[in-house]
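Notes follow the structure.
The values are calculated or read from the model by the stated rules, or taken from the named source; none is laboratory data. No experiment lies behind these values; they were computed from the predicted model shown. Every residue, glycine among them, receives a Cβ derived from its backbone with ideal geometry; neighbour counts consider all protein chains shown. Please note that ligands, DNA and RNA were not included when accessible areas were found on the heavy atoms of the full protein model with its side chains. Shrake-Rupley method; radii C 1.70, N 1.55, O 1.52, S 1.80 Å.
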Amino acid sequence: MTIDLGFAWLRLSDGNEVGIVDVPGHEDFIRNMLAGVGPVDAVLLVVALDEGVMPQTREHLAILGVLGVDRGVVALTKRDLVDDEWASLARADVASALQGTPLNGAPMIEVSATAKTGLAELVAAIESVLQAAPARRDLGRPRLAIDRAFTLTGFGTVVTGTLVDGAFTVGDEVEILPTAQRARIRGIQTHKRGLESASPGSRVALNLAGVEKDELARGMVIVRPGSLVPVSVLSARVEILGSASDAITQDEAVKVHAGTAEVMAHVSLLESPTLEPGASAWVQLRLATPIAVAVGDRFVIRRPSPPETLGGGAVADISGERMRRRREAVAVLERRSAPTAASRLLAALDAPRTLAEAGTRSGLDGGERDTAARELLDSGRAVALGDALVARESFDALATRIERAVAATHRRSPLRAGAPREEIRSSVDLAAKRFNALVERLAKDGRIAERGSALALPAHAPTLTTEQESAWSRAREALGREPLQPPSPATLESDYGLDRELVAALAERGDLVRIGTEAVFLPDAVATFADAVVRELVEKGTITVARARDLTGSSRKHVLPLLGFLDDRGLTRRSGDDRILVVPPEQARERVATLVARKKVAQ
Ligand SMILES: Nc1nc2c(ncn2[C@@H]2O[C@H](COP(=O)(O)OP(=O)(O)OP(=O)(O)O)[C@@H](O)[C@H]2O)c(=O)[nH]1
Ligand SMILES: [Mg+2]
């Protein structure tokens with residue numbers, strides 16, 4: 001009796017080699033059978049004609065259904081032990097057991113191992129079934145679930161398994177999950193032949209350097225470093241076999257078989273308090289130890305005792321997020337397992353993520369992922385934000401959060417130009433690169449205005465209270481008395497209540513001109529001064545501080561900052577004790593007119 005997995009290969013007439021995994025039939029060893037049956041292209045179901053369909057035959061068929069193995073051949077063995085009548089009865093019995101299973105209608109070949117009859121026909125049937133099998137996908141992300149680990153004298157550590165999703169080459173550095181140990185591939189064999197590189201779908205023995213046999217076990221997975229992260233929570237739509245003896249209940253402990261791994265898990269039912277035989281529903285499996293699986297991997301669920309296969313499903317989510325609110329969780333999972341690559345990728349872009357991150361979450365990789373991303377960007381269903389992509393819906397939600405945060409600051413501080421950029425960034429918790437890209441986009445769309453280091457709503461203008469307006473009107477009167485010898489900012493504050501913030505707001509709306517930190521003028525005063533200075537310069541070519549003072553009836557104290565202001569605006573420049581024009585007279589006059597022009601602000 002076979003207890004554990006066995007391995008062999010067969011050369012077909014077309015020259016192709018078929019790797020064969022022999023699995024135990026007895027129900028006591030179903031767990032070993034599960035470790036071997038995962039990534040196969042086709043199955044050879046063996047039924048002895050003298051015994052016919054056994055309970056484990058039905059369980060094996062159910063498991064093939066759960067794992068999605070849907071092509072194969074049936075070998076009806078021990079033909080030498082039964083007569084024709086018995087053989088045709090047994091044959092009919094097997095045919096009816098296949099109904100409703102993935103092997104329904106599969107070729108059934110009668111053979112005798114002892115009399116060597118039917119063997120050529122059996123091989124031919126295997127050959128034609130395999131010809132119809134789809135090519136193995138190469139996602140450039142090789143994974144090898146270990147089914148055996150041993151030491152070979154003269155070689156060292158060797159592991160075997162079926163390679164999927166990519167190729168391994170001698171010399172590759174690999175990571176062993178879930179332990180995250182590193183090792184290097186020293187040698188590769190397929191069917192006992194040394195190879196430089198093994199391709200997806202083949203039975204492979206890897207000779208590993210840098211790791212001991214004792215550190216390896218069936219269930220571990222060998223990957224390219226960093227290409228897969230083990231998870232201890234996974235979500236899936238689980239289907240319970242109609243033949244299951246009982247429903248699965250909330251939090252029930254089950255065995256999960258995925259790849260070659262077998263791990264205990266608690267079932268968190270997301271839709272109803274129980275999962276009845278024949279039904280399916282979204283669940284989260286909380287695993288006792290982490291395993292390395294990818295989105296789309298099939299798994300089987302068994303009840304530990306008495307042992308029974310309950311059903312299984314395909315991994316839909318490995319984000320590791322624990323789902324709380326049931327209805328929402330189910331909606332998220334429905335989207336993540338959507339039929340098209342684009343909608344699956346979109347579901348993984350519920351927050352800004354790099355293409356690589358989103359690809360892993362959605363179980364897409366390489367070309368499929370890139371095509372989906374292009375499709376989403378072209379149709380506007382996703383938006384690029386710096387190094388990330390985000391679903392349009394989530395982009396809109398982020399934009400709305402930013403608008404709300406900015407509006408809240410306007411309400412709290414109506415005098416301020418806006419909200420500090422950094423404060424808004426941390427409120428939406430985005431990396432600087434992504435936040436800047438988002439703001440840039442919103443500014444372009446006219447949803448947000450950048451005012452220095454502040455963000456404002458485009459319609460925002462600092463607004464004054466009635467008291468502030470009346471303080472301003474008294475102060476304006478004082479400023480207007482001798483416009484070019486106005487009261488200092490300190491006096492404006494002590495005598496009129498114009499504090500720094502109010503002055504800034506008045507300057508922002510164009511009622512005041514702040515020059516340096518120590519001078520405040522009415523716009524008209526600055527214009528008058530500039531006009532007088534420019535006239536003099538056009539006429540005389542130069543002007544001194546004293547001349548500017550006398551000409552405008554100002555004082556030295558005020559003239560200094562005013563002249564500095566004209567220098568800063570690119571109208572004049574110091575030359576010794578004099579000022580000279582730096583632009584042609586005509587242009588200087590134009591500049592004076594726009595120098596203190598009031599800002600147009602929407603009210
Ligand atoms: N007479 C006869 N005996 C056979 C034939 N095929 C297998 N046997 C015998 O049946 C017994 C069981 O064969 P196995 O190949 O171990 O059967 P198996 O399906 O692998 O059994 P498990 O691994 O326990 O699931 C052995 O003693 C074989 O010699 C056949 O065609 N004719
Ligand atoms: Mg056997």
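Taking every alpha-carbon pair under 8 Å whose residues sit at least 6 apart, the range 330-478 reaches a relative contact order of 18 percent.
Each Lys and Arg Cβ is given +1 and each Asp and Glu Cβ -1; about its Cα centre, the range 138-183 then shows a dipole of about 120 debye.
Solvent-accessible area of the chain (1.4 angstrom probe, protein heavy atoms only): carbon and sulfur portion equals 50 percent. Placing pseudo-labels 7 Å out from each Cα toward the beta carbon at residue 401 and residue 556 gives an inter-label distance of 5.9 nm. As a ratio to 2.2 N^0.38 Å, the alpha-carbon radius of gyration computed for the range 196-304 takes the value 1.26. Residue 308 contributes about 40 Å² of solvent-accessible surface, heavy atoms of the protein only, 1.4 Å probe.
Share of pairwise Cα-Cα distances greater than 29 Å in the range 10-161 is 23 percent (whole percent).
With 5 Å bins beginning at zero, the pair-distance distribution over Cα atoms of the range 293-377 amounts to 3, 14, 22, 21, 16, 10, 6, 4, 2, 1, 0 %.
Which of rounded, prolate, oblate describes the range 329-369, given a ≥ b ≥ c as roots of the alpha-carbon gyration tensor eigenvalues and a/c under 1.5 marking rounded, otherwise prolate only if a/b is larger than b/c? Oblate is the answer for the range 329-369, as a/c is 1.5 or above yet b/c matches or exceeds a/b. All Cα-Cα separations within the chain were binned at 20 Å from zero, giving a P(r) of 16, 33, 19, 15, 13, 4, 0, each value a whole percent of the pairs.
Test of understanding: what is the full-extension gain from residue 431 to residue 531, defined as 0.36 nm times their sequence separation minus their Cα-Cα distance?
Stretched out fully, the residue 431 to residue 531 stretch lengthens by 31.1 nm.
Entry note, the chain: relative contact order of 7 percent, from Cα contacts under 8 Å with a spacing of 6+ residues. In the range 530-580, Cα pairs under 8 Å separated by at least six residues give a relative contact order of 38 percent.
Among the trypsin sites (Lys or Arg not before Pro) within the range 188-232, those in coil by DSSP and having at most 11 neighbouring Cβ atoms inside 10 Å are 192. Local charge for residue 485 was computed over the other residues whose Cβ lies under 11 Å away, with Lys and Arg +1 and Asp and Glu -1, and equals +3.
Judged by the mean number of other Cβ atoms found within 10 Å, the most tightly packed of the peptides 524-532, 165-173, 124-132 leads the ranking 524-532, 165-173, 124-132. Within the range 560-576, name every residue whose backbone N is under 14 Å away from a label modeled 7 Å from Cα of residue 542 along the Cβ vector. Residues passing the 14 Å test: 573-576. Dividing the C-alpha radius of gyration of the range 473-561 by 2.2 N^0.38 Å, with N its residue count, gives 1.13.
Let me know the number of lysine pairs in the chain closer than 24 Å at the Cα, not counting same-chain pairs under 8 apart. Write down the numbers at each step before the final one.
On the way: 78/116; 192/213; 433/444; 444/599; 444/600; 540/557.
Number of lysine pairs found: 6.
Residues in the range 122-127 carry Karplus couplings, in order, of 5, 4, 4, 5, 4, 4 Hz; the curve used is 6.51 cos²θ - 1.76 cosθ + 1.60 with θ = phi - 60°, and Gly or Pro positions show x. Over the chain, accessible surface divided per residue gives 48 Å², non-protein components excluded, 1.4 Å probe.
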